[in-house]
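**Student:** Below are the structure tokens for one structure; questions will follow.
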Amino acid sequence: MAIKLDKITKNGKAIFLAYDQGIEHGPSDFDEKSCNPEYIMEIAEKGGYTAVILQHGIAEKYYDKRKHKIPLIVKLNGKSRISEVDNLSSQVCSVKRAIKLGASAVGYTIYDGSEFEPTIFKEFGRIVEEAHEYGLPVVAWMYPRGRGIDEGSTEINAYAARIGLELGADIIKVKYNGDYEGLQWIVKVAGRTKVMMAGGPKQDEFGFLSMAKEMIDNGAIGLAVGRNVWQSPHPIILSKALKKIVFDGVSVGEAMKGLK
Ligand code: FBP
């Protein structure tokens, strides 16, 4: 079955609002407003995101497929950091349940190089097979992690990107290390698998938008961003600036006009 990427992209570009940090990092990432998933849904819709990323529990209680226009990506695995011991993020939701919740795509984190890589690859393989039977795209967080691994190295991230292509991901999400030529290589080795970038910890607006511009100019199709947006005091205005950079290719200065 053909994979329907157009549901979660627009003219080949994409911005996803990521909101799985509650399990990955805990509520310390949130304030009074951002701990409420309703607030995130409002940003996702008004900010013009092409999809929102939720865990299944939040999707079940806060995503109404009849009411919400924004496409949903259900994250199928998850892990807390209460204990830092294992580089293993287990599947916590099935592809079928994600579809019932209204998902237009599914997501999965792969810890490349983890001591649990065989288990992770096997689980991911089954997910790709099932999701693709339904025409559902698979978005893979490609996060190198394990003993002695330099998570920020371009070489390791290019290897992770290639693993995404080899294992059937339609879109991969990687972290940016500031090496724009390295990003071009990552995009090249990912082949027909599209590359999106993580937003990372909160930085000032100029820094964040400049980073986004560099990502887009060097081959990424967009960003899957969380904290930089919903930790901002004016997330919708910032989202609109991001949108202009990703979809209209404007300069950072131009995009920031609305922020002043
Ligand atoms: P941010 O934009 O907030 O960095 O979110 C991106 C993301 O990939 C989330 O989807 C995920 O919860 C988190 O980062 C995981 O990051 P890490 O494993 O490095 O803590």
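**Student:** In sequence order, what are the phi-derived ³J(HN,Hα) couplings for the range 195-209 according to the Karplus relation 6.51 cos²θ - 1.76 cosθ + 1.60 with θ = phi - 60°, rounded to whole Hz, with x for glycine and proline?
**Tutor:** 10, 10, 10, 6, x, x, x, 4, 10, 5, 4, 4, x, 5, 5
**Student:** Once a ≥ b ≥ c are taken as the square roots of the eigenvalues of the Cα gyration tensor of the chain, is the result rounded (a/c under 1.5), prolate (a/b larger than b/c) or oblate (a/b not larger than b/c)?
**Tutor:** On the way: a/c = 1.35, a/b = 1.14, b/c = 1.18.
Cα axes put the chain in the rounded bin.
**Student:** Using 0.36 nm per residue of separation minus the Cα-Cα distance, give me the extension gain between residue 166 and residue 67 in nm, one decimal. Mind showing how you got there, number by number?
**Tutor:** Working: separation 99, 0.36 × 99 = 35.64 nm, distance 3.68 nm.
This chain segment gains 32.0 nm when fully extended.
**Student:** First measure r as the distance between the Cβ atoms of residue 129 and residue 192, then evaluate 1/(1 + (r/R0)^6) with R0 = 22 Å and state the FRET efficiency to the nearest 0.05.
**Tutor:** On the way: r = 18 Å, r/R0 = 0.81.
Computed FRET efficiency for residue 129 and residue 192 comes out at 0.75.
**Student:** Taking GluC sites (Glu not before Pro) as exposed when DSSP calls them loop (any state but H, G, I, E, B) and at most 16 other Cβ atoms lie within 10 Å, what is the longest stretch of the chain free of them, the sites themselves excluded? Please report the intermediate quantities before stating the final value.
**Tutor:** Details: sites that count: 32, 84, 115, 151.
By the stated rule (loop sites, at most 16 other Cβ atoms within 10 Å), 152-260.
**Student:** May I pose another question? How big is the charge dipole of the chain about its Cα centre, in debye rounded to the nearest 20, if each Lys and Arg gets +1 on its Cβ and each Asp and Glu gets -1 on its Cβ? Each step should come with its number before you reach the end.
**Tutor:** On the way: 35 positive and 33 negative charges, 208 e Å.
Dipole about the Cα centre, nearest 20: 1000 debye.
**Student:** Once Lys and Arg get +1 and Asp and Glu get -1 on their Cβ, which of 174, 215, 51 lies farthest toward the positive end of the dipole of the chain?
**Tutor:** My answer, from the dipole projection, is 51.
**Student:** Answer rounded, prolate or oblate for the range 29-129, using the Cα gyration tensor with square roots of eigenvalues a ≥ b ≥ c: rounded when a/c is under 1.5, else prolate when a/b is larger than b/c, else oblate.
**Tutor:** On the way: a/c = 2.49, a/b = 1.50, b/c = 1.65.
Oblate is the answer for the range 29-129, as a/c is 1.5 or above yet b/c matches or exceeds a/b.
**Student:** For the range 1-138, what's the relative contact order in percent, using C-alpha pairs closer than 8 Å and at least 6 residues apart?
**Tutor:** Numbers: 201 pairs, mean separation 35.6, N = 138.
Dividing the mean separation by the residue count of the range 1-138 yields 26 percent.
**Student:** For residue 28 and residue 100 in one chain, what is 0.36 nm times their gap in residues minus the Cα-Cα distance, to one decimal in nm?
**Tutor:** Details: separation 72, 0.36 × 72 = 25.92 nm, distance 3.04 nm.
Contour length minus the Cα-Cα distance gives 22.9 nm.
**Student:** Pick out, from 249, 113, 186, the residue whose Cα sits farthest towards the positive end of the charge dipole of the chain, with +1 on the Cβ of Lys and Arg and -1 on the Cβ of Asp and Glu.
**Tutor:** Most positive-ward Cα: 249.
**Student:** Oh, and also: For residue 3 paired with residue 159, estimate the spin-label separation in nm (one decimal), with each label point 7 Å from Cα along the Cα-to-Cβ line.
**Tutor:** 2.3
**Student:** Please report how far the C-alpha centroid of the range 135-205 lies from that of the range 4-77, rounded to the nearest whole angstrom.
**Tutor:** 20
**Student:** In debye to the nearest 20, how big a dipole does the range 185-249 give about its Cα centre with +1 on each Lys and Arg Cβ and -1 on each Asp and Glu Cβ? Each step should come with its number before you reach the end.
**Tutor:** Working: 9 positive and 5 negative charges, 51 e Å.
Rounded to the nearest 20 debye, it is 240 debye.
**Student:** Which entries in 65/257; 100/173; 173/213 show an alpha-carbon gap greater than 26 Å?
**Tutor:** Numbers: 65/257 34 Å; 100/173 24 Å; 173/213 16 Å.
The pairs that break the limit, which is 26 Å between Cα atoms, are 65/257.
Quick note: the coordinates plus some simple rules give every number you see, no bench work behind them. Fair warning: this is a prediction, and the values are worked out from it, not measured in the lab. Counting neighbours? That spans all protein chains shown, and the Cβs are built from the backbone with ideal geometry, glycine included.
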